[in-house]
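Note sheet for the following structure.
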Amino acid sequence: MAGRPRTFDRTTAVDRFRDLFWQKGYAGTSIDDLQAAAGIQRGSFYAAFQDKESAYLEALTLYANEFAKQAEQALQSADGPRAGLAEFLRFAGRFLSAHTGMGCFLLSSIAQPPHLNETKTELFDRVTRTLRDPLEQACNDTRDAKQLRAHETANSLSAYILCQVLGLNALTRSGAKPAEIQSAANLAADLIF
């Protein structure tokens, strides 16, 4: 005997979950919130998504993949790897300026990771690698192109860039004006280039 057919669009539901988790955070979002946002009943929620952790990870994965594509384009759009890192910081400023008060769902998740079970923590780590891996590769390319400064390593440069974008995200979430966010991003880009 087959179950009842799904009466909601999964993509729409996941988009609504993303918006809710982005706005309220993982801990601040309940299953009741998710059901209400997607307009689905508890049984349908559990049948489709199993639990809150799975719904969160599905929403974060879709968001992270899209954000990472844009980030990689920024990293590869400049003439040379170090210039690509500077362009990535400018991209982050533009992106975050458009999301004042909210910041970036992926960066916020990296800064405040949810408490997940061990299996789902591994998946969360893989999702966050969608941003970290291209960033680390660009820093390795900077090293290979002999564009590191005397005191830098590829790892320290990658950590520095990640600190900058996490800081820009915090600035954005605190309600800073778009011009302030972009100005800070441009300064960070100028300092590394």
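The values are calculated or read from the model by the stated rules, or taken from the named source; none is laboratory data. Since this is a predicted model, take the numbers as computed values, not measurements. In this analysis, Cβ positions are derived from the backbone assuming ideal geometry, glycine residues included, and neighbour counts consider all displayed protein chains.
For the range 18-97, list the helices (runs of 4 or more DSSP H) that sit wholly inside it and hold at least 2 residues that are farther than 20 Å from P134 by Cα; which are they?
Values: elements: 31-38, 42-49, 52-76, 81-97.
Per the criteria, 31-38, 42-49, 52-76.
Pull out all pairs, ordered by first then second residue, where Cβ-Cβ is under 7 Å, the residues are six or more apart or on different chains, the first lies in the range 30-44 and is over 18 Å from P114 (Cα atoms), and the second is modelled with pLDDT of 95 or more and of a type in the set (D, E, K, R).
So the pair list comes out as A37/R16; A38/R16.
Looking only at the range 105-147, filter to residues that are loosely packed, with under 15 Cβ neighbours inside 10 Å and among the acidic types (D, E); which one of those is farthest from G28 (Cα to Cα)?
Out of the qualifying residues, it is D144.
Among the residues of the range 90-105, is any in contact with a Phe, Trp or Tyr (Cβ under 7 Å, 6 or more places away or on another chain) and more than 25 Å from L123 (Cα to Cα)?
Keep residues of the range 90-105 that are in contact with a Phe, Trp or Tyr (Cβ under 7 Å, 6 or more places away or on another chain), which gives 102, 104-105.
When the remaining residues are screened for being more than 25 Å from L123 (Cα to Cα), the result is none.
No, the conditions are met nowhere in the range 90-105.
Under the condition of being out of contact with any helix residue (DSSP H, G or I) (no Cβ under 8 Å at 6 or more places or on another chain) and among the polar types (S, T, N, Q), which residue from the range 155-182 is farthest from D141 (Cα to Cα)?
S174
Can you confirm whether T172 is crowded, with 17+ Cβ neighbours inside 10 Å, in contact with a His (Cβ under 8 Å, 6 or more places away or on another chain) and polar (S, T, N, Q)? Talk me through it step by step, then tell me what you get.
Values: crowded, with 17+ Cβ neighbours inside 10 Å: yes; in contact with a His (Cβ under 8 Å, 6 or more places away or on another chain): yes; polar (S, T, N, Q): yes.
Against the criterion (crowded, with 17+ Cβ neighbours inside 10 Å, in contact with a His (Cβ under 8 Å, 6 or more places away or on another chain) and polar (S, T, N, Q)), T172 qualifies.
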